[in-house]
Amino acid sequence: MAGGQVKCLSVIGFSLICLKMVASTKTAPKIPAIDQAYSKLSNSITVEWATVPGATGYLLTARDGNAVIETVVASSPGTVMGLKAATLYQITIRSISPAGRSQASPPKQAKTVLAAPILQVSSPSPDSILVQWETVYMASGFSVSIMRANGLGRIWKENTTNTSLTFTNLDAGTLYTIKAYAWNASGTPGDDSTCNQRTGPRAPANIQVSFDSGSLKASVSWAPTEGAFNYTVMALTDSSRLSCSTTFSSCTISSLQCGTEYLISVLATNDAGSSRSISAVTLKTVACAPGRVTIQEDPPGHLSVAWSNMHLGDYYVAFVKNDDGLEVHCNTSLTQCNFLSECGFTYFISVFAYNKAGQSPLGDVFNYTTAPCCPGDINPVLVSSDRVEIVWSPVRGAELYETKAVDGFSVVECNDTVPACTLSALECDTKYNITVYSFSEVRGSNTSCTSRFITTAPCSPEIKNVSKDAFSMINVYWRSTNDEATYTVTAQGEKGLHRCSSKGESCTLWGLPCGSVFSVTAVAETPAGRSLPSYSVPLETVPCCPASLTVTQVTQSVINVSWTVGTGAQTYVTVLESHTGQSKCHTHQNHCLLGCITCGINYTVALKAISATGLTADCGYQSYSSSSCCPLGVKLYRLVPNGIRIYWQASRGSANYSTDLYGSKGIFTCAPSAGLSFCDITEIPCGDVYTVMVSPVAEIGLKLTFCPKKIYSVTCSGSTLGMVIYRGKRNAE
């Protein structure tokens, strides 16, 4: 290296000589002399020297073994930077001018001071700051000082050979400035380190907790703490943690759980750390809504509500409200309450747990529907032999009614939504146990409803026979299986009703009019009601006899029998009978001609009225005498001066006669004395034609007109009656 430098110097000198020879004479600057070299910073050495005239700059060189660091400065003092701490350097200086550089000054040794300790600062408590650092090379000890960052107050300074130091009795939440440096064995201080550190905030105190049971929130407040930037409120349990943060002195924690015990603490925080409140406040929230709620109705009318015991529950209140709005409640420290209940109501049941924090949240609202009420006024409105119609008042809670009629093992049912039922297909004269059950979809049937007995109306009797006895009484016989029934037989016709009653199996109808058709039915009656009528049996009475009968002689051998109409009669039989024989006529009219009658004979007349079905009424007998026979041989004889004698020949038997002459000039009549067979007409006009009829006179004085008539012509002779001339016979009219 020296040879090299030398060579470098000789060449340079030659060059300089050449330049000097060409341009002018120029010399290198003088060699500076170092006055002192010292280190104030661990990475630099400051050099002081006397100024060299003509020098425009200086080249400072620090050498540590093979390591060389150079720095050009303008004037004294100058500092070489980028050095290693606590290291001994050889320091030289050269002056620089336009003519070149001087030779290096004689070296001077200088050692860099110790490096500044690297501080780690923290505030372990609100009134202390912990300063820590790593060991500094070549350090024999350390000096650490602390003071408020705002410059107020005293300065604490501590020397130590350790690598940590704690300052206590500081103000909480206050920003401090910490300065530290190391010194070597000779006591020379090294670089210092400065940092700021705030003490931790003081623990929050006077914590107040207000719990809102409705929203399950807790409002936490505390006294403000100096130096706290923010606060965190924590609610802790064994399994959960809830918190809220704020810069103020209160905070609300939401979403708390019912039935939980929380430890509430407040953490004050700043950039130095945090401080937790010394003691936690215990918060017991409201108990949770009771669970496993069971509702039973046993016996009916008594409602039992039970629930599980709840953590933190001091006592319980059960509320029961029916759908009419009436509410009752029960306060108990147990887990069961009993209430009176009514049928047909829906009860809404809720149970709350209570403690000092308040009421538990609303749990499930249970509804319990009691069995519908039982109908209490079952009234039969119709009871027949095979049917019972009953009605009742609607009852609360019933959606459907089930009606059952039980007779031994036989059951008849009907279901309907209306409060009425018609039970059909029942047995007659049978006692049924009838129960109406109310039904609801929720609760089913109320099986506690009472029953009542209803007996159906008696069975209809069956008419076995209807007979007539000799006294025109109608006997009706029937068959029935009813117990203790009264039977009424009714004969109904156009002429009214006729009844008879009996508790047995027959009765007699009296006074039925003749000539009538009746429908005969029988009805049974018991206290339960009346049966349906039996099947009707037709009954026809014999036709009525005519009210009057008249026999009229039509001719000598023919009579006319007439009668009034007999009710119910369709045909009639008339019998005329005497010792000489019988004459009969069967007709549907109300008169009949009977021939072959012998005149002057006593007859008996009988009449029978016959109905369309052949019933015959034998009507009473009547005696009748046929008229006397018409006289024979009627002749006229002239009497003087103007009379005529009428003569005839009497018939069998004794009879009275009447003689009539019919002419244009008048009618002339004469009646003979008893027993005579002629009579005289003393004055009769002549010159006329006369019709002469001699007739027997009936016992009642009726003159018969069916005898033959004869015509005679009476002539005049002067002033007297002339000849009587027979002109012929004229038929009876």
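The figures follow:
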item: Lys, Arg +1 and Asp, Glu -1 on Cβ, resulting dipole of the chain about Cα centre, debye, nearest 20; result: 2480
item: In region 421-523, trypsin sites (Lys or Arg not before Pro) in a DSSP loop with at most 13 other beta-carbon atoms within 10 Å; result: Lys503
item: Farthest toward positive dipole pole in region 548-671 [+1 Lys/Arg, -1 Asp/Glu at C-beta], among Ala569, Leu661, Cys629; result: Leu661
item: Estimated Rh, region 534-601: Kirkwood, alpha-carbon pairs, angstrom; result: 13.6
item: Dipole of the chain, positive direction: furthest Cα of Phe518, Leu423, Gly581, with charges on the beta-carbon; result: Leu423
item: Overall Cα dimensions of region 185-268, principal axis frame, Å, largest first; result: 74, 26, 17
item: Rounded to whole Hz, the Karplus (6.51, -1.76, 1.60) HN-Hα couplings of region 663-671, x for glycine and proline; result: x, 6, 9, x, 10, 10, 10, 8, 10
item: Only Lys, Arg (+1) and Asp, Glu (-1) charged, at Cβ; region 599-700 dipole about Cα centre in debye; result: 220
item: Computed [θ] at 222 nm, deg cm²/dmol, the chain (DSSP H ≥ 4; -39,500 (n - 2.57); rounded to nearest 500); result: -1000 deg cm²/dmol
item: Whole-percent carbon and sulfur share, accessible surface of the chain, 1.4 Å; result: 51
item: Overall dimensions of region 288-390 as given by Cα atoms, namely Rg and Dmax in Å; result: 19.4, 73
item: For region 416-469, alpha-carbon Rg over 2.2 N^0.38 Å; result: 1.88
item: C-alpha long axis of helix 2-22 to longest principal axis of the chain, angle in °; result: 80
item: Per residue Cα convex hull volume in Å³ - calculated over region 462-541; result: 83
item: Coil-residue GluC sites (Glu not before Pro) of region 444-507, DSSP, other Cβ within 10 Å capped at 14; result: Glu484, Glu494, Glu505
item: Percent of alpha-carbon pairs separated by more than 23 Å within region 414-571; result: 59
item: Cβ-placed point charges (K, R +1; D, E -1), dipole of region 462-541 about Cα centre in debye, nearest 20; result: 100
item: Under Karplus coefficients 6.51, -1.76 and 1.60, residue-wise ³J(HN,Hα) of region 495-508 in Hz, glycine/proline x; result: 9, x, 10, 9, 10, 8, 10, 6, 8, x, 10, 7, 7, 10
item: Normalised contact order of the chain, rounded percent, pairs of Cα under 8 Å and 6 or more residues apart; result: 5
item: Residue list for region 271-299, given a label point 7 angstrom along the Cα-to-Cβ vector of Leu236 and an amide N cut-off under 15 Å; result: 274-283
item: Under-5 Å amide H pairs with Lys217, H placed in peptide plane, nonlocal only; result: Asp212
item: Under Karplus coefficients 6.51, -1.76 and 1.60, residue-wise ³J(HN,Hα) of region 174-182 in Hz, glycine/proline x; result: 10, 7, 10, 10, 10, 10, 8, 8, 10
item: Cut-off of 10 Å, at most 15 other beta carbons, DSSP loop: longest stretch of the chain lacking such chymotrypsin sites (Phe, Trp or Tyr not before Pro); result: 249-408
item: Asn270 long-range amide H proximity, modeled H, under 5 Å; result: Phe229
item: Identified option (computed Cα extents along the principal axes in Å; candidates (i) 131, 111, 55; (ii) 99, 63, 50; (iii) 253, 77, 45); result: (iii)
item: Dipole axis of region 138-217 (+1 Lys, Arg; -1 Asp, Glu on Cβ), positive-most option in Ile178, Ala149, Ser213; result: Ser213
item: Spatially proximal lysines relative to Lys503 (Cα-Cα < 19 Å; intrachain offsets below 8 disregarded); result: Lys464
item: Long-range amide H partners of Ala398 with built H, under 5 Å; result: Cys373
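The values are calculated or read from the model by the stated rules, or taken from the named source; none is laboratory data. Note that the structure is a prediction, hence the values are computed from the model and not measured. Quick reminder, even Gly has a Cβ in these numbers, built from the backbone with ideal geometry, and neighbours come from all protein chains shown. Note: accessible area is taken over every heavy atom of the protein model, side chains too, but ligands, DNA and RNA are not part of it. Shrake-Rupley method; radii C 1.70, N 1.55, O 1.52, S 1.80 Å.
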